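Reading through the structure tokens given below for one structure.
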Amino acid sequence: MSFRRMNFLRFSAAIAFGLLGIHHVHASPGAHGPNGEHLDGQATTSASGLARLPDGSVNVPKLAQRRMVIRTVKAVEGEHPQTVELNGRVTIDPNAGGRVQAPFAGRIAPGPLGLPAAGQTVRKGQVLARLVPVSSAVERGNQEATLADLRAMRALAERRVARLESLEGTVPAKEIDAARAELTSIRGREKAVAGTVRGSEAIVSPADGVIASAQVLAGQIVEARDVLFEVIDPARALVEASTPDVTLASRIASATLPAAPDAKLVLVGGGRSLRDGALPISFRATGKALPLAVGQPVSVLAKLNTTVKGIVLPAEALVRNPANETVVWIKSGALRFIAQPVEVRPLDAHTIVVTRGLSAENRVVVSGSSLINQIR
């Protein structure tokens, strides 16, 4: 074999080994599980493009990583405040709103500014509607008869008072005073009965705020204690959560609302009486234009005084695999990513803490993990 042919064979072998090195994916030092096991075994086939490998890992070229805005962070384990998720419901703050109910059965009539609609701003003491009393035919007939009797009695009493006053000096003063008192009493009774027959009562707003709900129309007949309006302050609300742990309220340091991350929650306190087997815990929510509605079910993330050991990650790092398991994507090598099942706890509205499944120094995808999860 000539010297030139030997050099050609050596050059060809070098090129072949170089190509194998390009397609072979090397694992990064941090691609191992929480117990030290290797997660980056040899892929059964190599891939140079965007593809999911047979072992479940994903190959993502550098150009695709830049386009997908893939970002990773190095996992660091530490002690973090323990959190618990509570189911709650938004209610009216009793110091910043109120519920307007019908004092008696009657017919709704518009106020001087008409009937308010949901979302309309109102002021404390503003007339929202007028309530005209209604009754059966028999009751109305009895009231009309009573009113007629009182009017006749008033006329007699007025004439008697006038006659006694004309005889002042010859008639004892006590008789004149008694006649005047009787006339005043009759006038009061007449006014009260007349109000139930033909009068109406003003329904006013109990506080400044907006109408959360309006349950009336003009001419509608309502019963006593029917809810007519609910008035709330859009910058204040009350969140009532529940828990079976009677000691939880004393261990809460702070709380947040995932549905309203900008809202500030302040613990009001926990109840001392169980309701349906759970203890109510109240939080006062404040903020500008809270995106909350009365009766809305919400989740409350309560941060406790106790701590939990784990790795903090953004909530967007979590995805679901085809088996519906919670996973994060670990970067193994320059192009390869591995899905790792984890156990997590919410830390606040934006972050979570991984308590099991990750090891320190893993490179975890924190941006673009949902895009990697969609690669098939």
Which ³J(HN,Hα) values, rounded to whole Hz and listed in residue order, are derived for the stretch 359-376 from phi using the Karplus coefficients 6.51, -1.76 and 1.60 in 6.51 cos²θ - 1.76 cosθ + 1.60 with θ = phi - 60°, glycine and proline given as x?
-> 10, 4, 6, 5, 8, 9, 6, 10, 9, x, 5, 5, 6, 4, 5, 8, 6, 10
For LYS191, go through the aspartates and glutamates and keep the ones whose alpha-carbon is under 18 Å away, minus same-chain ones fewer than eight residues off.
-> GLU139, GLU144, ASP149, GLU158, GLU182, GLU201
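Among the listed pairs LYS309/LYS331; LYS124/LYS264; LYS74/LYS264; LYS124/LYS288; LYS74/LYS309; LYS124/LYS303, which have their C-alpha atoms separated by more than 28 angstrom in this model?
Values: LYS309/LYS331 23 Å; LYS124/LYS264 25 Å; LYS74/LYS264 31 Å; LYS124/LYS288 20 Å; LYS74/LYS309 16 Å; LYS124/LYS303 37 Å.
Correct reply: LYS74/LYS264; LYS124/LYS303.
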Taking protein heavy atoms only, a 1.4 Å probe, and rounding to whole percent, the accessible area of the stretch 137-198 owed to carbon and sulfur comes out at 55
Low-density loop positions, GluC sites (Glu not before Pro), the stretch 199-269 - DSSP coil, at most 14 other Cβ in 10 Å | GLU223
quick shape note, the stretch 183-294: Cα extents on principal axes in Å, largest first -> 66, 32, 26
List every residue whose amide H lies under 5 Å from the amide H of VAL298, counting only residues 5 or more places away in sequence or on a different chain, with H placed 1.01 Å from N in the peptide plane.
-> GLY88, ARG89, VAL90
1.4 Å probe accessible area per residue over the stretch 137-198, in Å² = 69
Give the label of the value calculated from the structure for Rg and Dmax of the Cα atoms in Å, choosing from (i) 20.5, 66; (ii) 38.8, 161; (iii) 23.2, 78.
-> (ii)
For the chain, built as a Gaussian network whose Cα springs stay under 10 Å, the top-fluctuating residue of PRO81, PRO112, PRO322 | PRO322
Counting other Cβ atoms within 10 Å of each Cβ, which GluC sites (Glu not before Pro) in the stretch 313-353 have at most 14 and sit in a DSSP loop?
-> GLU325
Taking the alpha carbon gyration tensor of the stretch 103-178, what are the square roots of 5 times its eigenvalues, largest first, to the nearest whole Å?
-> 45, 20, 9
By Kyte-Doolittle mean hydropathy of at least 0.5 and Cα axial length of at least 20 Å, which whole DSSP H helices of the chain are selected?
-> 3-23
Of the trypsin sites (Lys or Arg not before Pro) in the stretch 181-231, those whose Cβ has at most 12 other Cβ within 10 Å and which sit in DSSP loop | ARG198, ARG225
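Summarise the long-distance tail of P(r) for the stretch 137-198 by giving the % of C-alpha pairs beyond 20 Å.
Cα-Cα pairs of the stretch 137-198 separated by over 20 Å account for 38 percent.
The values are calculated or read from the model by the stated rules, or taken from the named source; none is laboratory data. Since the model is a prediction, treat every value here as computed from it, not as a measurement. Cβ atoms come from the backbone with ideal geometry, glycine included; neighbour counts cover every protein chain shown. Side chains included, ligands, DNA and RNA excluded: accessible areas come from the protein's heavy atoms. Shrake-Rupley method; radii C 1.70, N 1.55, O 1.52, S 1.80 Å.
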